[in-house]
Amino acid sequence: KVYNGEVRVEALSEINLHIKKGEFVFLVGHSGAGKSTLTRLMIREEVPTKGQIMVNGKSLLRMRQREIPYFRRKIGFIFQDFRLLMDRTVYENVAFAMEAIEMPIGEVRQRVPAVLEMVGLKDKMNSYPHQLSGGQQQRVCIARAIVNDPMIIIADEPTGNLDPDTSWEIMNILYAINKRGTTIVTATHDREMV
Ligand code: ADP
Ligand code: MG
């Protein structure tokens, strides 16, 4: 992957990897190594300058623009900076991900409390993000990422803004999700965590 801006940046080269269904994979490397680029390539936010990427048996290069939203529904994303809707409650933030793909309201009412329970936030359902700690906010993001039952979760430095104990909790939640069969790809520069 080459970024052709004012200066030419070769962000990734000679990358060759195969991630199997059900694996828990860490992408490790220093800042600037290309971890975020690789995660963005996997969700087709970027396209490679050369090469091929297959996800769930589909070539991301051949994928048409209108197919992209459907492709992304099968993937859950988690970001370092949470990206929650600050003017909506915890419940609403998670429900929003289901409403975006037009899930029936009955299913939303059932599923949202269930995933919030899974990440240990059922009692914070009506709180706003600013009323939560960083670790709790990241757990909302995890709930949002898993609510539509994705096959794959891609997390870019999910513990980058969290203290070590909280990071450990978050990783344990991801580990539990992986044990249920979801493939997880996590970019991190935290070798100790790995
Ligand atoms: P990491 O996530 O491992 O820190 P990145 O994938 O963000 O690494 O960046 C890899 C390289 O690509 C860096 O040199 C960075 O400056 C460059 N880069 C990343 N995104 C862009 C972009 N949108 N435009 C130009 N260069 C970029
Ligand atoms: Mg990055």
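The values are calculated or read from the model by the stated rules, or taken from the named source; none is laboratory data. Remember, predicted model here, so these are calculated numbers, not experimental data. Because the Cβ atoms are built from the backbone with ideal geometry, glycine has one as well, and the counts that use them run over all protein chains shown.
List of remarks:
- Checked against (1) buried (at least 19 other Cβ atoms within 10 Å of the Cβ); (2) in contact with a Gly (Cβ under 8 Å, 6 or more places away or on another chain), Val140 passes all but condition (2).
- For segment 74-93, the set of residues classified as at pLDDT below 95 and surrounded by fewer than 16 Cβ atoms within 10 Å (Cβ to Cβ) consists of Lys74, Asp81, Arg83, listed by residue number.
- Conditions (1) surrounded by 15 or more Cβ atoms within 10 Å (Cβ to Cβ); (2) more than 29 Å from Leu38 (Cα to Cα); (3) without any contact (Cβ under 8 Å) to a residue 40 or more places away in the chain: number failed by Gln131: (1)
- Count of residues meeting criterion [within 16 Å of ligand 2 (Cβ to nearest atom), at pLDDT below 95 and of a type outside the set (A, V, I, L, M, F, W, C)] in segment 168-194: 4
- Residue check for Gly22: touching a residue at least 12 places away in the same chain (Cβ under 8 Å) and more than 18 Å from Pro158 (Cα to Cα): yes
- Criterion applied to Ser13, Ser36 was being of a type in the set (Ser, Thr, Tyr) and more than 18 Å from Glu157 (Cβ to Cβ), and the one residue passing it is Ser13.
- Pairing residues of segment 37-49 that are touching a residue at least 24 places away in the same chain (Cβ under 8 Å) with residues that are away from ligand 2 (no atom under 13 Å from the Cβ) and assigned to a helix (DSSP H, G or I), at Cβ distances under 8 Å and at least 6 apart in sequence or on separate chains, gives Ile43/Arg72; Arg44/Ile68; Arg44/Phe71; Arg44/Arg72.
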